[in-house]
2 protein chains.
Amino acid sequence: VDVGKGERFVDRLKTVARRAGHDKLWKAAGGYAAVYPINDRDGIAITTDGVGTKLLIASYLKRYDTLGIDLVAMCANDLVCVGATPTVFLDYFATGTLDDEIADGLIAGIVEGCDQAGMILAGGETAEMPGLYERGHFDLAGFAVGNVAKERLITGDAIRPGQTIIGMASSGIHSNGLSLARKVLSDDTGTLEALLTPTIIYSSAVSNALAAHGFRIAGIAHITGGGWRNLFRLNSSVGFAIEDPLPVPDILKEIAGHVQEEEMYKTFNMGMGMSVIVEGDSEPVLKALSSSGLLARQVGTVTDKPMTLTIAGSAVTLRG
Amino acid sequence: VDVGKGERFVDRLKTVARRAGHDKLWKAAGGYAAVYPINDRDGIAITTDGVGTKLLIASYLKRYDTLGIDLVAMCANDLVCVGATPTVFLDYFATGTLDDEIADGLIAGIVEGCDQAGMILAGGETAEMPGLYERGHFDLAGFAVGNVAKERLITGDAIRPGQTIIGMASSGIHSNGLSLARKVLSDDTGTLEALLTPTIIYSSAVSNALAAHGFRIAGIAHITGGGWRNLFRLNSSVGFAIEDPLPVPDILKEIAGHVQEEEMYKTFNMGMGMSVIVEGDSEPVLKALSSSGLLARQVGTVTDKPMTLTIAGSAVTLRG
């Protein structure tokens, strides 16, 4: 995967998208979701995502019931980053020839994911394309919609030096960096099973925090492709100091044995699946985020060094 | 493609989807889109679709600039069937390794399609998965959102025997039945280019007709997979008599040389890409549908024979 090439394509995409009416959308933090106004007060947030090459691991292990959770997680976690409440989900499932075991497993995971995210599985598309997918191979895309009032929209503009960064613990690799992980790790069943651990769906916990203490929340970053650089998406005039990082999951420690430290932070979640930036007293937000059993704690502070992220106990400094 | 297996899977899906809150959605004609209430009066319609194996033809010919039109067409044409006005579009583009020519071509088509449909291209996901897609191969899914007021929602319940069926001419095979077409046709460049003719985007014309004469429109069927059986999706208590069919495009005539007539009507659009069912005087609706240069005309009548479709000049009778 040539990241530079991908980024140049995304730049061209942005130019094209502007031509096609992008200016009518409301500004939302980090581009995690597009927000379209329904009227002056209410908008809908929409996003799409896949699970990347995690699905090749599922194919190899013939374990299909967790990928749907990842799929919903990737979309629902993105929606809450702009302040939206996830409502409905659609899936696109493409395969060579329909295999009942695969299809039923995937759907079971999607249903479980929608349940965790409080979303309605509103429909989807199942496509059989024998010439495109090999036997047992498939692709999976998710599409999620949420509601957001204009006054509740998170733009990232309220982020200021001195604010608290709350980290929410990840369950493992989640759904990004799987290609690199497969390249450096052995393909024994135990390792692959650890890679398959489903992504945590943070959206219900974050929605609860937003509903009760939204006025305190200045920014939310879902740590996906690009690792901790995702924080730079929120606001380009500040920096981030991670002073007390969350524990790194074992599977990521294993990968770290083969990959340079800086590359680890630029690719993986490194134990933090979600970051929430809080103004003022962070205790009530922490309590709301932790209430559903998720591990959330203060991990750092917003700084005045633009696009710079430092990590306690590490020589690595990320720059945007 | 085993249609029976697919249909059984969709039945299982429906059971599962009901568990996941399907009852909160508004009833909409034919399941062309899911409609989710924003408040008591306003809803949003959402749908997802792909272009099927038409993309293998594009890959083979290395012509990538029309598939995006098909992608938007499949989604936007579905949205108007429930009475919604298409607003925003997202694409999911997955490939082995990003190829600039392919990516830029696909996006150009999507932008052109969004322009024709009056939609904003709000974003998308580009996924590189080397282990899943061969060199030059890719998949493409579209997600589309529209607005619909509850009182403008088309449920199909207003369809009655005696109403007029308007047919809107197709441009060729559109985006369904490509696997069968490739199986029976020669793969010379001329034939493949004819198969690649983009799907007509009817949504702007239909939206105009709905805005001006919506009270007359009882049902709209996008003729996709399943061919003319799509009409049965609208209302199971009536039948359809096609008395004056639209001309069959040459490429479909060519396929008809190798495929049984009944199979043709059950698989392809047979010259009619969209059907609009009209109560009372159909002239104003016809005028609105034709104003943008699309060919629309009266092709038949709704009958009182449930789930039965007859075709003038053909011995074929379809049953639901």
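For the reader, a short list of remarks on this structure follows.
- If the condition is being over 28 Å from B:Ser175 (Cβ atoms) and either in contact with a Cys (Cβ under 6 Å, 6 or more places away or on another chain) or charged (D, E, K, R) (or both), then the stretch A:112-128 contributes A:Glu112, A:Asp115.
- Being free of Cβ contacts under 8 Å to residues at least 60 places away in the same chain and touching a strand residue (DSSP E or B) at 6+ places or on another chain (Cβ under 7 Å) is a property that does not hold for A:Lys253.
- Residue within the stretch B:87-96 that is among the β-branched types (Val, Ile, Thr), more than 10 Å from every other protein chain (Cβ to nearest Cβ) and part of a strand (DSSP E or B) present: yes
- Evaluating A:Leu185 against the criteria (1) within 20 Å of B:Phe9 (Cβ to Cβ); (2) of a type in the set (A, V, I, L, M); (3) surrounded by fewer than 23 Cβ atoms within 10 Å (Cβ to Cβ) leaves one unmet condition, (1).
- Number of the exception - B:Phe215 against (1) part of a loop (DSSP other than H, G, I, E, B); (2) farther than 28 Å from B:Lys62 by Cα: (1)
- Criterion violated by B:Asp115 - all others in (1) touching a residue at least 24 places away in the same chain (Cβ under 8 Å); (2) over 20 Å from B:Ala29 (Cα atoms) satisfied: (1)
- Test result for B:Val72, more than 9 Å from chain A (Cβ to nearest Cβ), touching a residue at least 12 places away in the same chain (Cβ under 8 Å), not in a strand (DSSP E or B) and not small (Gly, Ala, Ser): yes
- Some residue of the stretch A:243-263 being closer than 11 Å to A:Met307 by Cα, of a type in the set (Val, Ile, Thr), out of contact with any His (no Cβ under 6 Å at 6 or more places or on another chain) and modelled with pLDDT of 95 or more: no
- Residues (within 24 Å of B:Ile223 (Cα to Cα) and over 18 Å from the mean Cα position of the chain (by Cα)) located in the stretch B:13-42: B:Leu13, B:Lys14, B:Leu25, B:Trp26, B:Lys27, B:Tyr36
- Criterion (away from chain A (no Cβ under 14 Å), polar (S, T, N, Q) and in contact with a Gly (Cβ under 8 Å, 6 or more places away or on another chain)) met by exactly one of B:Ser186, B:Ser236: B:Ser236
- Hits in the stretch A:58-86 (condition: surrounded by fewer than 24 Cβ atoms within 10 Å (Cβ to Cβ) and either of a type in the set (A, V, I, L, M, F, W, C) or in contact with a Phe, Trp or Tyr (Cβ under 7 Å, 6 or more places away or on another chain) (or both)): A:Leu61
- Any hit, the stretch B:227-245, residues being touching a Phe, Trp or Tyr at 6+ places or on another chain (Cβ under 7 Å), surrounded by fewer than 23 Cβ atoms within 10 Å (Cβ to Cβ) and not in a loop (DSSP other than H, G, I, E, B): yes
- The residues of the stretch A:110-132 that are more than 7 Å from chain B (Cβ to nearest Cβ), of a type in the set (Gly, Ala, Ser) and buried (at least 23 other Cβ atoms within 10 Å of the Cβ), listed by number, are A:Gly113, A:Ala117.
- Number of residues in the stretch B:264-301 that are touching a Gly at 6+ places or on another chain (Cβ under 9 Å) and over 26 Å from B:Ile201 (Cβ atoms) equals 1.
- Members of the stretch B:283-320 found to be over 22 Å from the mean Cα position of the chain (by Cα), part of a loop (DSSP other than H, G, I, E, B) and of a type in the set (S, T, N, Q), listed by number: B:Ser314
- Search result, residues across the stretch A:299-317 that are of a type in the set (S, T, N, Q) and crowded, with 16+ Cβ neighbours inside 10 Å: A:Thr301, A:Thr303, A:Thr308, A:Thr310
- For the stretch B:21-61, the set of residues classified as assigned to a loop (DSSP other than H, G, I, E, B) and either closer than 21 Å to B:His174 by Cβ or at the interface with chain A (Cβ under 7 Å from one of its Cβ atoms) (or both) consists of B:Gly21, B:Leu25, B:Tyr32, B:Ala33, B:Ile38, B:Val51, B:Gly52, B:Thr53, listed by residue number.
- The stretch A:95-136: number of residues that are over 20 Å from the mean Cα position of the chain (by Cα) and closer than 13 Å to A:Leu71 by Cβ: 4
- Conditions (1) of a type in the set (A, V, I, L, M, F, W, C); (2) surrounded by fewer than 22 Cβ atoms within 10 Å (Cβ to Cβ); (3) over 23 Å from A:Gly225 (Cα atoms); (4) in contact (Cβ under 8 Å) with a residue 40 or more places away in the chain; number of the one not met by A:Leu98: (4)
- Filter result (buried (at least 22 other Cβ atoms within 10 Å of the Cβ) and among the aromatic types (Phe, Trp, Tyr)) within the stretch B:201-219: B:Tyr202
- Of the residues making up the stretch A:147-162, not a single one is at the interface with another protein chain (Cβ under 8 Å from one of its Cβ atoms), surrounded by fewer than 19 Cβ atoms within 10 Å (Cβ to Cβ) and not in a loop (DSSP other than H, G, I, E, B).
The values are calculated or read from the model by the stated rules, or taken from the named source; none is laboratory data. All values derive from a computational prediction rather than experimental measurement. FYI the Cβ positions are ideal-geometry reconstructions off the backbone, even for glycines, and counts take in every protein chain you see.
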